[in-house]
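Asker: Pasting a structure below so you can have a look.
Bear in mind these aren't lab numbers, they're just calculated from the coordinates by the rules spelled out. For clarity, every value in this text was computed on a predicted model and none was experimentally measured. Here the Cβ is made from the backbone with ideal geometry for all residues, glycine too, and neighbour counts use every protein chain on show.
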Amino acid sequence: MKSQPLVGAAVFTAVMRAAGYRCQCAGECGNAHVKGEGRCLHEHDGYTSKHGRRVRLMAAPVDPLASDVAAARLPAGELRAWCPDCHTAAARRARAAVPAVDAPGLFDL
Ligand SMILES: [Zn+2]
Ligand SMILES: [Zn+2]
């Protein structure tokens, strides 16, 4: 039994099939993934290591800062497989890369 996806099951399956049920991070998280020759080795329902945690990949936008709501509207082709570790780290890096905004109220829409 595969774990519960964030996006619709059909989209999730399409993304995972395209990714070979393996995280598609190619270093966006800050880890060069040398062991995986540039790509994360985490596979869906695999383990981070022999005694590690269970890996639950998710289908999420290439842009790690996109919201879940935005992700739910995207077609499978716009999504990629991420393991939670990579997605969290990539989002942190992406957020840090956004230039600091001095103008107050910009986000008070
Ligand atoms: Zn990963
Ligand atoms: Zn990664």
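Asker: Which of the residues spanning the stretch 4-34 are away from ligand 2 (no atom under 11 Å from the Cβ) and within 15 Å of C83 (Cβ to Cβ)?
Answerer: P5, L6, F12, V15, M16, A19, G20, Y21, R22
Asker: Going through the stretch 81-91 one residue at a time, which ones are more than 10 Å from ligand 1 (Cβ to nearest atom) and crowded, with 23+ Cβ neighbours inside 10 Å?
Answerer: Passing the criteria: none in range.
Asker: Please work out if H42 is within 9 Å of ligand 1 (Cβ to nearest atom), in contact (Cβ under 8 Å) with a residue 40 or more places away in the chain and over 22 Å from R73 (Cα atoms).
Answerer: So H42 passes the test.
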